[in-house]
Amino acid sequence: MKFKQITLFTNSKGFAEFGEQYVELNQGSEQARLSMLMQSGGYQLRHSPVGFQSEFHVSTYPQWVFILSGQMQIGLQDGSSKTFSPGEHFYSNDLLPNGATFDSKIHGHWSKQVGDSPLVTLFVRG
């Protein structure tokens, strides 16, 4: 059994891209499958009001993003986007490539609150 992990990462050309990875759930029992224990570097909660939208930016640290309430849309340089709802998540790992200087026409993603409810997220550093 595997856990599907949506990942936001920086491709070899420096652009943010969505991908999928799978985490093995090979521990625990038949009633409660678990992955191996993963390290984390702490967590943060964020409240974003209705109308929030960021500029293009890269992730400062690899981190899991869990949507607790509201909806979050993530947009990429190629014009594509994904919207995440409560109970959904993604792994944000679109870091600035080594040696690169941030260019808002190449690097990163934007995020915004969608709908009529504030966005509440949980960030867990990887």
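List of remarks:
- Checking each residue in the stretch 1-60 for being of a type in the set (Lys, Arg) and loosely packed, with under 13 Cβ neighbours inside 10 Å picks out Lys2, Lys4, Lys13.
- If you filter the stretch 101-119 down to residues that are aliphatic (A, V, I, L, M) and surrounded by fewer than 21 Cβ atoms within 10 Å (Cβ to Cβ), you find that the one that is nearest to Asp78 (Cα to Cα) is Ile106.
- Phe90 being outside any loop (DSSP other than H, G, I, E, B) and exposed (fewer than 14 other Cβ atoms within 10 Å of the Cβ): no
- Yes/no for Gln71 being among the polar types (S, T, N, Q), surrounded by 12 or more Cβ atoms within 10 Å (Cβ to Cβ) and over 29 Å from Ser117 (Cα atoms): no
- Residue check for Gly79: modelled with pLDDT of 95 or more and over 23 Å from Leu96 (Cα atoms): no
- Applying the set (1) more than 22 Å from Phe3 (Cβ to Cβ); (2) among the β-branched types (Val, Ile, Thr); (3) at pLDDT 95 or above to Thr60 leaves exactly one unmet item: (3).
- Residue match in the stretch 35-52 (condition: without any contact (Cβ under 8 Å) to a residue 40 or more places away in the chain and hydroxyl-bearing (Ser, Thr, Tyr)): yes
The values are calculated or read from the model by the stated rules, or taken from the named source; none is laboratory data. Computed from a predicted structure; not experimentally measured. Cβ coordinates were reconstructed from backbone atoms using ideal geometry, including for glycine residues, and neighbour counts include every protein chain displayed.
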